[in-house]
Amino acid sequence: MERDPCPDRILDDIGGAFGMGAVGGGAFYFLKGLKNSPRGSRLLGAYQTARMKTPATAGGFAVWGALFSLSDCSLVYLRQKEDPWNSIMAGAFTGGFLQMRQGFASASRAALIGGGLLALIEGLQIAVNRFVAAQQQQIIYVDRSSVPIGMGHQGNQDLPETAGASGSESWFGGWFGGGGKKEEEKSGAKTEILESFDAPLPPTFEFK
């Protein structure tokens, strides 16, 4: 799966992360409010909980996406190549940077978690791409093996011409007699049709 170029992918990642946080956070807090609200006001409590908590969650996801995308683009610029290691290192840096206020130990754990998650995602994506490529190659191989032996490119070109010739002989030969003339020319025999001949008169049984 190809990504957008680096200056454009920053806004794309921010928008995607914000939308993910808004949808996922809204659903999570709605269900949480629905569970914790008293009977008779469950829907109202779920709506209020989702309305109060969802913007903060979506904003946090957007900040994470912005830091990740900036780190990824910086690594692409520094290393002058784009590979899964950029995403893994960017995920580790983003997780550690967001937990710096909690101390070095917490930042280290967050960096390991972020790098591990991105490594898992990148590995899964590579496996899926290889599986899809293998399936496509297998389909192409099956299609080529289904062609009969001897039916090459030249045979495929000659086949429509032969069919067209036989079709024209059958149509026009049946209507205008073209096919019969060709057969006579090939056999070397000629048939002549008598235009006039003396036919005997029919007998009459009248007495004179």
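Since every read-out is calculated from the coordinates, none of them should be taken as a lab result. Note that the structure is predicted; figures quoted are calculated from it, not measured. Counting neighbours? That spans all protein chains shown, and the Cβs are built from the backbone with ideal geometry, glycine included.
Taking 0.36 nm per residue of separation and subtracting the current Cα-Cα distance, fully stretching the chain between Cys6 and Asn36 would add 6.4 nm. The fraction of Cα-Cα pairs per 10 angstrom bin, counted from 0 for the range 69-131, comes to 25, 42, 27, 5, 0 percent, rounded to whole percents.
Once the dipole of the range 1-121 is set up with Lys and Arg at +1 and Asp and Glu at -1 on Cβ about the Cα centre, which of Leu78, Leu34, Met52 lies farthest towards its positive end? Farthest towards the positive pole: Leu34. Would you please name the trypsin sites (Lys or Arg not before Pro) within the range 1-71 that are DSSP coil residues with at most 14 other C-beta atoms within 10 Å of their C-beta? Here the sparse-neighbourhood loop sites are Arg3, Arg39.
Across the range 1-80, Cα-Cα distances exceeding 17 Å account for 55% of all pairs. Database remark: amide H of Gln99 closer than 5 angstrom to no amide H (H placed geometrically; neighbours at sequence offset of 5 or more, or on other chains; Pro and chain starts carry no H).
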